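Comments concern the structure below.
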Amino acid sequence: MLESETGLRARLVDVGVELVAREGVQALTLREIARRAGVSHGAPRRYFPTHLELLSAIARRGFDALAERATALGGGSASPREQVSALLRGYLEFALDNRGMYELMFRHDLLESGHLGLRDTSLPLFGRLVDLVGQVRPDADARLVAGALWANLHGIAQLWGWGSLQLATGSEDFAPLLRSALEAHLGSEEA
């Protein structure tokens with residue numbers, strides 16, 4: 001029985017998600033994904049005309065998972081600052097738990113981010129951060145502060161994942177770094 005087009009398309013993406021989780025971005029070749037999906041090396045081209053489109057579909061799964069995690073954190077009765085802290089902790093945990101996917105998600109040189117709705121998933125996450133930062137720092141350009149905070153967090157994720165920050169700081173817990181980043185960008189909690 002022939003697999004439906006949507007079924008094979010989903011299977012190719014599933015295989016890519018598993019491959020990036022186990023072996024990293026460098027393993028995501030069309031030929032390897034096709035081999036592991038049990039189809040000819042030309043089969044992915046029927047569903048993904050370019051390699052970038054397949055990589056973008058795989059990255060979309062990562063953005064969806066990150067958005068789901070961020071939504072699960074919710075707001076509840078937490079203050080905006082506590083919500084920012086929870087959002088950033090969840091982001092950092094996602095990055096460290098899903099290193100291959102995280103790398104793929106932010107490798108815009110490998111993705112067609114305007115294609116397959118990647119921006120539709122990633123920009124609302126950033127928008128949420130901007131909104132919360134605006135509530136904590138109404139005196140500042142919330143978009144710029146959120147951008148600087150996000151860049152700082154991205155650096156923490158990369159350097160922590162490589163083991164560099166543990167060596168430099170002598171810490172085995174990223175929580176103090178996260179608190180320092182929050183204070184640097186949002187001011188102290190007492191302020």
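The length gained on full extension between ALA21 and GLU68, counted as 0.36 nm times the residue separation minus their Cα-Cα distance, comes to 15.1 nm. Ranked by how many other Cβ atoms sit within 10 Å of their own Cβ, fewest first, the residues HIS154, HIS185 fall in the order HIS154, HIS185. Per-residue ellipticity at 222 nm from helix content only, as computed over the chain with -39500 (n - 2.57) for each DSSP H run of at least four residues, stands at -23000 deg cm²/dmol.
Between the C-alpha center of region 30-63 and that of region 77-148 there is a gap of 27 Å.
Other residues whose C-beta falls under 13 angstrom from the C-beta of GLY42 contribute a net charge of +4, scoring Lys and Arg +1 and Asp and Glu -1. Between SER79 and ASP131, what is 0.36 nm times their sequence separation minus the Cα-Cα distance? Round to one decimal in nm. So the extension gain works out to 17.5 nm.
In terms of overall dimensions, the chain has a Cα radius of gyration and Dmax of 18.8, 66 angstrom. In whole angstrom, region 79-184 maps to an equivalent ellipsoid with semi-axes of 22, 21, 11, each derived as √(5λ) from the alpha carbon gyration tensor and ordered largest first.
Every read-out reported here was derived from the displayed coordinates using simple, explicitly stated rules and does not represent laboratory data. For clarity, every value in this text was computed on a predicted model and none was experimentally measured. Cβ atoms come from the backbone with ideal geometry, glycine included; neighbour counts cover every protein chain shown.
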